Structure formats: structure tokens, C-alpha cells
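The values are calculated or read from the model by the stated rules, or taken from the named source; none is laboratory data. What you are looking at is a predicted structure, and each value in this text was computed from that prediction instead of being measured. Because the Cβ atoms are built from the backbone with ideal geometry, glycine has one as well, and the counts that use them run over all protein chains shown.
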Amino acid sequence: MNTLAIYNYNVYPSAYGIRTSKAAPSNSNNVNFRSNVLPTRKSTTIGDLLMKQLIDETRSTQARATMFLDVVESIANELTKHGVSFDRAYCERHPVKSNEACMTKMQRSGSLKIPDLIRTTLYCKNLNDLSILSDYILPAFEKRGYSIAETEVLLSDLMKKGYVPKHGEVGRKEIKVPDIDIRINDVSDQVTKLPERLRAHSISHAQGSGYEDIQIRFINKYDPKRNQKLHELIILCGKNYSNAKHWDSTKLYDFTRQFGEMKFLIDAANDDKDIVIAKRYISLIRNLISSEISKKAFENAKNLDMYGIEDGLPIKVLSDDIKLLKNYFIEIEAKVDAYYQKERAKCVNNKTKLRNVLNNQKEDKKRLSTIRDGLLEAIDFYNKGGNLKEPVYLD
């Protein structure tokens, strides 16, 4: 993550970024969570500072999160006749993102922004009917002082959706829009049901895994502007879908996302032949997992919550597909070795660089093994029926 001139800071991570107080300058403009940044006898890392201040931040945020849960619960009770419900016990376990999860997210994204520090889940059985969102859910939050926050998006992305730039927006790279994302397939024809200010950008599509939701970030408009925090609301069609999301996240996504953390994919040139082929194998693995497990699990949960259909699609990864998956990992490992062989040849006369290359190769192969073992264990879990209807909780 590159920044402007770096000083020694007191770092205050929040939903909108960081607050800082500046001290002595540093000679580096690159933030590495694992780097020692203070030349003291006992080394202190930026990660240490962030963790300490995250603890302080989450303590002060807990009360706000409880208030938000009160608001969401009251709205669910008010809108029961429209298929809206709320599982207080489920959401109250972790209404504030854990410090460890925050650190992991910052390391993975390279950003100090934590847009889901306060988060909760609301159920709407008629999720595909956007008039419920527009006519009932959003006004209920507005009545209680919670307005949709703003976020910056690329103007070019908005124009691809048909957005016409207003006066003064032409030529700008980014503009601010309400922070809402309707990630549901087949609802584009309902765009006119939304308020005018939401129509140009809010509707996108389901994720590649088949996962659908509505994601909104609110601010309490009565809070002082300098002290406003984002409150993330995820709207799902029901508890079974929430369970499917939990298992997909912990059994599948927690492993597939680690492909993006492999150093040889981050550091190498995109036109390197070994990288191109490795990426293709990774794509094939993701597609296999998505088509044989994720999409079926989400479809089954949606049918159960929205329509009461209990006859679900069978989830069974066949032995031939498992064998194919294992072969894909063998091929990726071969490409990892081929890539690092070329890298070692470049630094035979530089022991420091050579040591770094060897360490990166070892770390990548270990991560690849972790991903493979995790996915094979997940396949076994789903093939045996799993506990897909058992109550689960937020991480």
C-alpha cells in the first residue's frame, strides 16, 4: 500500500480510514504490517500499533453497535407483514468485527479502511421485490436517523451502467454515490421502484459463487461529522441462506481467497507464461468449486427460505472431479517451481535476494498445500451432507 510521505503516526483506523498525529518522518513510503518501524531496543511494528488502537476503537464502538441492533430489531418487528425478520441472538454475538479479522482484512486489502466494523444481518423473505426495500426498509432507517452513507466510485464504471454525468462531474475520475449494492440477479427491470438517486448505480449482480444479497452502509446523521461511523447492513432472504453463506465462507472462500495472497502471483509479470497457465488452473479450481458446491447450496437455501421448496439440488463432487482437482494443484505447483527457478537464476550472486526468493517459494508451496487440503476437506463435508441447517454464527 503506497502512501504520501510517511511519518511516525498515532494511527486510528476507522470506517472511513485513519486519524493520525504526526511525529518524526520516516524515509520509506511503503507500509508493511510486518516491518519494524521504530528503531527501539524492543521493536514495534505498525501491526502492533494498529492492534492496540483497534482494541481501543472497538471498545468505543460496542455501544453504537448495540444501538444499531436495537434499531434493526425494531424495524424488523414493524415490517413483519412484509416478510422482514431479524435474528437478534445470531447478530448479537459479534456486532463489531473482531480485531484479528480487521487486521487480516487490512493486510489483505492494503487499506486501513474498515467499512464493516459495525455490521448486522436482516432477513427479507421477498428479497427480489425491490419495492419493499424502497418503500419500507430504507424509510424505516431514515426515520430512526440512519441515512445511506456515501462512497467514491469510478465515474467510468457508473457510465457503463448508463449513468449520465451531471454538471461538474465530466472529467472527474471518481464521484460520490450512496453506498448501496443490490447484488441480485434478474431485478434490473425493477430499477424504477428505487428512489431516483439510487437508480444509476445500485443494481449489480450476484457473485460468481451464486451468492446474492443487498449490502448497505448507513451513518447516523445526528452524529458529529468527524465522529460518524459506518454501520453495515446485509439483507438476505432468510436463515437458511445465512447458513449457506457461513459454510461457503468458512469451508470454501477462506481457502480460495488465499490464491490471491501467493507471492508469485503478486510479484510476477502478468505475461510470464508460467503465471498465465497457473492463473488458468486457479480459475478452473474456482469454477469447479462454484458450480458443484456453492451455486447449488445457495440455490437450495434460496428455494427453502423464499418458496418453502425442500427438495434441493444434490451436492456431490464426483471422484473424477476430485481427481481432476488434485491434478490442477499438481500443475500449479509445477508452475510455481518453474517460476522460482527463473527467479533464482537472476540472483545467484546476491545472497540476500536469493534467500528471499527461496523463502517466498517455500511460503507459496506451503500456502498451496493449505488451500488444497482445505478444499478437499470441504468437499468431504459437503459430500456427507454437512450441517447446512444447523444454527451458525458470525465470525
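Values computed for the structure shown
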read-out: Selection within the stretch 56-84 - at pLDDT below 90 and either exposed (fewer than 15 other Cβ atoms within 10 Å of the Cβ) or at positive phi (or both); value: ASP56, ARG59, SER60, GLN62, ALA63
read-out: 3 or more residues in the same structural domain as ASN185 (by TED's automatic domain parsing), buried (at least 19 other Cβ atoms within 10 Å of the Cβ) and out of contact with any His (no Cβ under 8 Å at 6 or more places or on another chain): qualifying helices (runs of 4 or more DSSP H) within the stretch 253-344; value: none
read-out: Filtered residues of the stretch 230-252 (kept if buried (at least 19 other Cβ atoms within 10 Å of the Cβ) and over 30 Å from HIS82 (Cβ atoms)); value: LYS251, LEU252
read-out: Complete set of residues in the stretch 164-192 that are under 12 Å from ASN128 (Cα atoms) and not in a loop (DSSP other than H, G, I, E, B); value: ILE182, ARG183, SER188, ASP189, GLN190, VAL191
read-out: Residue count, the stretch 366-392 (criterion: at pLDDT below 95 and basic (Lys, Arg)); value: 2
read-out: Candidates LEU127, LEU138, LEU133 - the one that is assigned to a loop (DSSP other than H, G, I, E, B) and at pLDDT 90 or above; value: LEU127
read-out: Condition check for LYS245: in the same structural domain as LEU368 (by TED's automatic domain parsing), under 30 Å from ASP129 (Cα atoms) and touching a strand residue (DSSP E or B) at 6+ places or on another chain (Cβ under 8 Å); value: yes
